[in-house]
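The values are calculated or read from the model by the stated rules, or taken from the named source; none is laboratory data. Owing to the predicted nature of the structure, the values given are computational and were not obtained by experimental measurement. Glycine gets a Cβ as well: all are built from the backbone with ideal geometry, and neighbour counts include every protein chain shown. These accessible areas exclude ligands, DNA and RNA; they are computed on the full protein's heavy atoms, side chains included. Shrake-Rupley method; radii C 1.70, N 1.55, O 1.52, S 1.80 Å.
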Amino acid sequence: MKAFLISIALLTCIWSFAGIKVLTFSDKGESLQQPSIKKVSSIEGEYALHWQDMPHNTNINIQGMAADWQAEKVLIARIYSVAATNQVIYIAAYSDSTETDGPDYFKVPFTVDWTGWKTLAIPLAQFRPVRQPVGWHQIDSVRLAAHWNKVFEDGTEIYLQSIKVGKVTQLAGIFSDNMVLQRNRTIKIWGWDDPGQTLSVALTDDRVFVTADENGRFVAELPSRSEGGPYKVIIDGSISIKLDNIMVGDVWFCSGQSNMGMKVKDTLNAKQEMAAAEFPSIRLYTVDREMALTPLDDVRGQWDVCSPTTIKNFSAAAYYFAREIRQHENIPLGLINCSWGGTQAEAWMSAEAIAAIPEAEEIRKEEHARYDEIKTAYDAWEDLRRQYKHEGKDLDQLPDKPRKTHCIANVLYNAMVHPLNTFPVRGVIWYQGESNARNAELYERLFKGLITDWRDKRHNPELPFYYVQLANYRDREVDPSESNWSIIREAQRQALNLPFTGMALAIDVGEADDIHPKNKQAVGKRLALHALKHQYGHALETSGPLPEKAIRQDATTIAVSFKHIAGGLETHGELAGFALQDTGGLWHWAEQAEIAGNQVILRSNGFEPQAVRYGWAINPIASLYNDADLPATPFELTVTAE
């Protein structure tokens, strides 16, 4: 079998794999596998091999590496550094393969940037062959070389205490430097390590000890805290992990499709907005996009401090929401952007939630069975689109777009939502619905089911859920007409019947020629109104006028009453956009419309109105407001006698 040499140097990293026997030096200068080595010193009461004293041709064998290398195990070493000199040293693997001209090698650098003891780890998969020798992966032993001909600079002095290949402590992907933990809730920190490994998890002076279960998973629960920071989190398990600049405040989960994902750089006054985005107490996390047919246990991403640089590619709706709150509340805010453009609500729902809706469940079963086929077809279409774009071809000449893989039921919930259900948050903000126009009649059940299910999965029936109603879009209709977007908006209005919900109205901020309105400042501010009132106790109006009932006054006249009128109803321009239904089911514009207190009085052109609509079009006239300058929601109501 091929023999390899590894010289000291390790790049700090976190991974999780099965372990093998540990090589450790004792006070007699003996190791578990290399008793001939005697150059051992006592460092702070512990024994370690003085690295520089080892002859270059003296090596330490670590057996049992063949399977570990290909399985992407991790090489772990505990090293003492006398001084942080920032010298770069390498760990290098050599091959004595007879199928190459002399030894081949692999190397990874690390920097001696610490003083004292440190446990370093590197996935073996990060080693890359320089000349790619044939059969390099056929390993039955690895030997640790002295210093790989490396000249140590003045002050660089290191000692090796132990080395092994195995599993190391790995935190879930939501935990990193700069994160925000939810205040006034039990703090949960979880990850993976060797099964049976005992770990210490500490947040400042709060410390708990936990043991990894038979699957290697551990969960540490620390006492709740009020807002504050910055703090450090330190985890000591197979290796030590330190997270810096941790804040405790409020975390908001921000999800939906492209209008939630739309970046700050693409919004109104983007240059000025980015330049002013110095909010070190706002922290940003974007969940990497992923799909799965079954629930996953982790996500990928990292936390960043809000700055002109980091805000550029972050969700605009989420940022403007947080900025509005921050202008009223001096607390740290964490934003988790979990969005994907062009997605339907079904993709964000669990299997249990979809199963409660028979029409959706039937489609889910069929598409899960054909998942590979659907994915192959969509990926091929995307490749062709990119090719057209690169070659400057007319994209209108592309074949019809096939079914989007990321719209299939459950796939985004499983991969991007489920892994974070145990991460406490203050609430949810949501912007989605455009892609459900194709099955608009189902949306009310889908949307209410999603809200209820997310609360159930988090064991929090009072989880605040604030969402954006679809904005106006495309050309304005001359006559009253049917509209799938109006059906979506009505479904969103009906979701207000669920407790602890709030709707940000966007019927006046859209653009006829762009499905992605650039005025995300208004969207974020209107979302924030709900949080400011209900979570932070500010006395303010949260919504534009919402209809309560439509009462018949005489054969041709009805009165529509409203709540959320603030100081009164107002108009922007002529009061218009109201349609009345006759006994034959046809819709006509109201002949007259006028404001009377908290009501709008409507008269037909001689027929007895059966129902009333306002703003019922993909791009309706939005004329009715309250004096808080918030627009009325589009709606449909049946006319009643009282």
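Across region 322-347, the residues whose backbone nitrogen lies under 20 Å from the label position 7 Å along the beta-carbon direction of A270 are 322-323, 337-342. I want the local charge near A593. Using Cβ-Cβ distances under 11 Å, sum +1 for each Lys or Arg and -1 for each Asp or Glu among the other residues. Within the 11 Å Cβ shell, the charges total -2. Counting 0.36 nm for each residue step from D113 to T198 and taking away their Cα separation leaves a gain of 27.8 nm. Taking R0 as 30 Å, what FRET efficiency do you get between D554 and S481 from their Cβ-Cβ distance, rounded to the nearest 0.05? Efficiency at R0 = 30 Å is approximately 0.60. Database remark: amide H of Q553 closer than 5 angstrom to the amide H of I558, A559 (H placed geometrically; neighbours at sequence offset of 5 or more, or on other chains; Pro and chain starts carry no H).
Pairs of Cα atoms nearer than 8 Å and 6+ residues apart set the relative contact order; for region 186-269 it is 25 percent.
3J(HN,Hα) along region 500-507, derived from phi through the Karplus expression 6.51 cos²θ - 1.76 cosθ + 1.60 where θ = phi - 60°, amounts to 6, 10, x, 10, 8, 7, 10, 5 Hz, with x in place of Gly and Pro. The separation of region 519-568 from region 277-308, counted between C-alpha centres, amounts to 33 Å. Taking E346, E352 and ordering them by how much accessible surface each has at a 1.4 Å probe, largest first, produces E352, E346. Once the C-beta distance of K389 and E366 is scaled by a Förster radius of 30 Å, the resulting FRET efficiency is 0.40 to the nearest 0.05.
What a 1.4 Å probe finds exposed on region 371-490 is 45% carbon and sulfur by accessible area, rounded to a whole percent.
Computed on region 220-263, with alpha-carbon pairs under 8 angstrom and 6+ residues apart, the relative contact order is 32 percent. Between I595 and H534, the contour length at 0.36 nm per residue exceeds the alpha carbon distance by 19.0 nm. Potential lengthening of the chain between N605 and F209 amounts to 135.0 nm, from the contour at 0.36 nm per residue minus the alpha-carbon distance.
Candidate cross-link partners of K389 among the aspartates and glutamates, defined by an alpha-carbon separation under 17 Å and a same-chain spacing of 8 or more, comprise D379, D400. In terms of distances greater than 31 angstrom between alpha carbons, the cross-link table entries K242/K448; K401/K525; K393/K518; K365/K448 yield K242/K448; K401/K525. Rounded to the nearest 20 debye, the dipole magnitude of region 524-580 is 260 debye, with +1 charges on Lys and Arg beta carbons, -1 on Asp and Glu beta carbons, and the Cα centre as origin. Straight Cα distances below 13 angstrom link K265 to the aspartates and glutamates E273, with same-chain residues fewer than 8 positions distant left out. The distance between label points at E574 and L296 comes to 5.4 nm (points 7 Å beyond Cα on the Cα→Cβ vector). Using a Förster radius of 41 Å, what is the FRET efficiency between R185 and K563 based on their Cβ-Cβ separation? Nearest 0.05, please. After rounding, the FRET efficiency stands at 0.80. Given the Cα atoms of region 283-327, and with Rh set as the inverse mean 1/r over their pairs in the Kirkwood sense, what is Rg to Rh to two decimals? Over the Cα atoms of region 283-327, Rg/Rh equals 1.08.
Spin-label model, V219 to H328: label points 7 Å out along the Cα-to-beta-carbon direction sit 3.4 nm apart. Taken over the alpha carbons of region 516-642 as equal point scatterers, the Debye sum produces base-10 log I(q)/I(0) values at 0.23 Å⁻¹ of -1.33.
Annotation: amide H of W252 within the under-5 Å range of G334, L335, I336, R426, sequence separation 5 or more or interchain, hydrogens built in the peptide plane. Each Lys and Arg contributes +1 and each Asp and Glu -1, all at the Cβ; summed about the Cα centre of region 334-385, the dipole is approximately 160 debye.
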